[in-house]
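To start, the structure under review is shown below, and the notes come after it.
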Amino acid sequence: MQAEAHPKKSTGLTIGAWVAAVLGVLVLAAGATAIWADTSKRDDNGYFSANAHRYQTHTRAISTESITVGSYVPTWLAGKVRLDVSGDKPLFVGIAPKSTVDAYLARIEHTEATQLDLDPFKVTYVDHTGTVDPGRPAGEPFWAAKVSGRKWPLSWNLRSGKWSIVVMNADGSRDVAATVGVGVKVPAALWAGIGLTLLGGALLAAAVLMFAARSRAGSRRSAKAVLAS
């Protein structure tokens, strides 16, 4: 019975060692990537930025599909979003709950930007009819964040929920055209990278120890077999 237990233990150590080694490499690579990105890919203000792209419509507004921020993300970890917006006319950009935006735009001629991908850039526009002149959108009280002008950034602290971004002319007129760049700041990115690197290193160290324990167990079995013979 004891002779059968040794091979099972050795097999268990081998499987555990390989699992720990593979996980260790993956976690270590993720941590190193996070540290590299945090130290080399951020701008002077600490944002990871994507290329700016131009959006335009003949209607009175451009809105995004629902942008969902999970409630499982702690506020201190969520960070900020920055929209760098510029245009030939004075523009308005606002962020509000998706349901509120839908109700606001329900009777306003507008365009929804769907299937949006930033790299490579791709967007599908869906037009919606409406007859109401919205006036100046900056006067509405429901925006969680808003800015108006020709060229400026809009910064917003991420919060859980379903949100939509709206771009309009500052006076609510038709023919909206804007160049928008997106940046994200994740305050804990560096610490997360360091934590993942340490965890990956610990998993690799555990794998080495398990491989060593398996090797010692094999050596003892070989020695016993020689003595028995």
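The values are calculated or read from the model by the stated rules, or taken from the named source; none is laboratory data. As the structure is a computational prediction, the values presented were derived from the model and not from experiment. All Cβ positions, even for glycine, are placed from backbone atoms using ideal geometry, and neighbour counts span all protein chains on display. Only protein heavy atoms, including side chains, enter the accessible area calculation; ligands, DNA and RNA are left aside. Shrake-Rupley method; radii C 1.70, N 1.55, O 1.52, S 1.80 Å.
Residue 155 sits among other residues whose Cβ lies under 12 Å from its own Cβ, and their net charge, with Lys and Arg +1 and Asp and Glu -1, is +3.
May I ask you to rank 197, 11 by accessible area, largest first, using a 1.4 Å probe over the protein chains only? Can you show the working numbers first?
Details: 197 40, 11 75 Å².
The ranking, largest first, comes out as 11, 197.
Full extension of the chain between residue 152 and residue 103 yields a length gain of 14.9 nm, computed as 0.36 nm times the residue separation minus the alpha carbon distance. How much net charge surrounds residue 86 when only the other residues with a Cβ under 14 Å from the Cβ of residue 86 are counted, with Lys and Arg +1 and Asp and Glu -1? Counting the neighbours of residue 86, the net charge comes to +3.
Expressed as a whole percentage, what fraction of the accessible surface of the range 91-153 belongs to carbon and sulfur atoms when a 1.4 Å probe is rolled over the protein heavy atoms? List each step's numbers first, then the result.
Values: 1850 of 3560 Å².
Ligands and nucleic acids excluded, carbon and sulfur reach 52 percent.
Backbone amide hydrogens, once placed in the peptide plane, bring residue 65 within less than 5 Å of 113, excluding anything fewer than 5 places away on its chain. Computed from the Cβ-Cβ distance with R0 of 25 Å, the FRET efficiency linking residue 131 to residue 88 stands at 0.45.
Taking amide H atoms as placed 1.01 Å from N in the peptide plane, the amide H of residue 91 lies under 5 Å from those of 149, 150, 170, each 5 or more residues away in sequence or on another chain.
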